[in-house]
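Trainee: Okay, here's the structure, questions in a sec.
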Amino acid sequence: MRGDDDFFLLGGHSLLVVQLAQAIQAQGIDFDYDFVFHGRSVRGVVECILNSCDATVQQASPHPAQTDTSPRL
C-alpha cells in the first residue's frame, strides 16, 4: 500500500476502520473514525490529523461508486 492508495478501493471497509481506530486509540492517541472516511488514504489521514478533515474532504479521492468501471448486471 502506497501513501496515496485509497483504503476503500483496496478492499477496506467500515469494520476495518473501527479495528484500526481502536488499535490507535489503545496507544493513547486521539483518533477519530472520520479521519479514515474523509482522508481515504494514508496521506489523506495524516493531512486530516494535522489540519482538519474539512480541508481534506474536498481533496479526497472520489468515492468508489464514482470510479467503478465494472459492467452492471
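The values are calculated or read from the model by the stated rules, or taken from the named source; none is laboratory data. Keep in mind that this is a model prediction, so the values were computed, not measured. Ideal geometry is used to build each Cβ from the backbone, glycine not excepted, and the neighbour counts take in all protein chains shown.
Trainee: Return the pair list, or none, for Cβ contacts closer than 7 Å from residues in the stretch 26-51 that are of a type in the set (D, E, K, R) to residues that are surrounded by fewer than 17 Cβ atoms within 10 Å (Cβ to Cβ) and in a loop (DSSP other than H, G, I, E, B), at least 6 apart or on different chains.
Mentor: Partner pairs satisfying both residue conditions: 43/3; 43/4.
Trainee: I'd like the full set of residues that are loosely packed, with under 13 Cβ neighbours inside 10 Å, hydrophobic (A, V, I, L, M, F, W, C) and either at pLDDT below 90 or touching a strand residue (DSSP E or B) at 6+ places or on another chain (Cβ under 7 Å) (or both), limited to the stretch 1-53.
Mentor: Across the stretch 1-53, the qualifying residues are 1, 29, 50.
Trainee: Within the group 67, 56, which residue is surrounded by 17 or more Cβ atoms within 10 Å (Cβ to Cβ) and modelled with pLDDT under 85?
Mentor: On the way: 67 fails: surrounded by 17 or more Cβ atoms within 10 Å (Cβ to Cβ).
Going through 67, 56 in turn, just one is surrounded by 17 or more Cβ atoms within 10 Å (Cβ to Cβ) and modelled with pLDDT under 85: 56.
Trainee: I'm trying to understand the selection: among the residues of the stretch 1-31, which are in contact with a helix residue (DSSP H, G or I) (Cβ under 6 Å, 6 or more places away or on another chain) and β-branched (Val, Ile, Thr)?
Mentor: Matches in the stretch 1-31: 17 only.
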